[in-house]
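See structure below.
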Amino acid sequence: MASVYKINKGVTRPIEFKGLKAQYIAYLAVGLVLLLISFAILYISGLSLLVLLPLIITLGTTLFFSVFRLSHRFGEHGLMKFWAKRSLPNYLKFRSRRLFTSLKSKSNIPITSFKN
């Protein structure tokens, strides 16, 4: 009798929940936890609910829209690529050739073996 195996389709696909992809789920969760903690701290400190609730609701709405916008704009790895590309310089400026001439002379150094 042949064994029946269940095939796990989509194992390598990124996690997706309600349109949020990959790390954006964590960004939203961390933002909501920070909103909850800030609500608790401000409420305990004595701030009025008439001021506190609209503030937290607008911050939460802004958080949701911004995280969903980032998720749809950049996708799974696009935000990391965006930040990496911004950190690259536009051009490199060398005032002398010493860097390149020293590279050639350093490559002729023999490699020594390690002693045990």
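The values are calculated or read from the model by the stated rules, or taken from the named source; none is laboratory data. Given the structure is predicted, the values throughout are model-derived calculations rather than measurements. Note: ideal-geometry Cβ built from the backbone for every residue, glycine included; neighbour counts use all protein chains shown. What goes into the accessible areas is simple: the full protein's heavy atoms, side chains included, and nothing from ligands, DNA or RNA. Shrake-Rupley method; radii C 1.70, N 1.55, O 1.52, S 1.80 Å.
If you scan region 43-60, which residues turn out to be open to solvent by 60 Å² or more (accessible area, probe 1.4 Å) and part of a helix (DSSP H, G or I)?
TYR43, ILE44, LEU49, LEU50, VAL51, LEU53, PRO54, LEU55, ILE57, THR58, LEU59
Considering only region 4-15, state which residues are charged (D, E, K, R) and modelled with pLDDT under 75.
In the first step, residues of region 4-15 are kept if they are charged (D, E, K, R); the result is 6, 9, 13.
Scanning region 4-15 gives a single hit, LYS9.
Would you say PHE64 is at pLDDT 80 or above and either in a helix (DSSP H, G or I) or open to solvent by 90 Å² or more (accessible area, probe 1.4 Å) (or both)?
On the way: at pLDDT 80 or above: yes; either in a helix (DSSP H, G or I) or open to solvent by 90 Å² or more (accessible area, probe 1.4 Å) (or both): yes.
Judged against the criteria, PHE64 is a match.
How many of the residues in region 1-31 are closer than 22 Å to THR58 by Cβ, surrounded by 10 or more Cβ atoms within 10 Å (Cβ to Cβ) and either touching a His at 6+ places or on another chain (Cβ under 6 Å) or not aliphatic (A, V, I, L, M) (or both)?
3
Is it the case that VAL11 is among the aliphatic types (A, V, I, L, M) and in a helix (DSSP H, G or I)? I'd like the intermediate steps shown before the answer.
On the way: among the aliphatic types (A, V, I, L, M): yes; in a helix (DSSP H, G or I): no.
Spelling it out, it is not the case that VAL11 is among the aliphatic types (A, V, I, L, M) and in a helix (DSSP H, G or I).
Any residue in region 72-93 that is touching a Ser or Thr at 6+ places or on another chain (Cβ under 8 Å), part of a helix (DSSP H, G or I) and either touching a residue at least 12 places away in the same chain (Cβ under 8 Å) or open to solvent by less than 90 Å² (accessible area, probe 1.4 Å) (or both)?
Filtering region 72-93 down to residues touching a Ser or Thr at 6+ places or on another chain (Cβ under 8 Å) leaves none.
There is no residue in region 72-93 that is touching a Ser or Thr at 6+ places or on another chain (Cβ under 8 Å), part of a helix (DSSP H, G or I) and either touching a residue at least 12 places away in the same chain (Cβ under 8 Å) or open to solvent by less than 90 Å² (accessible area, probe 1.4 Å) (or both).
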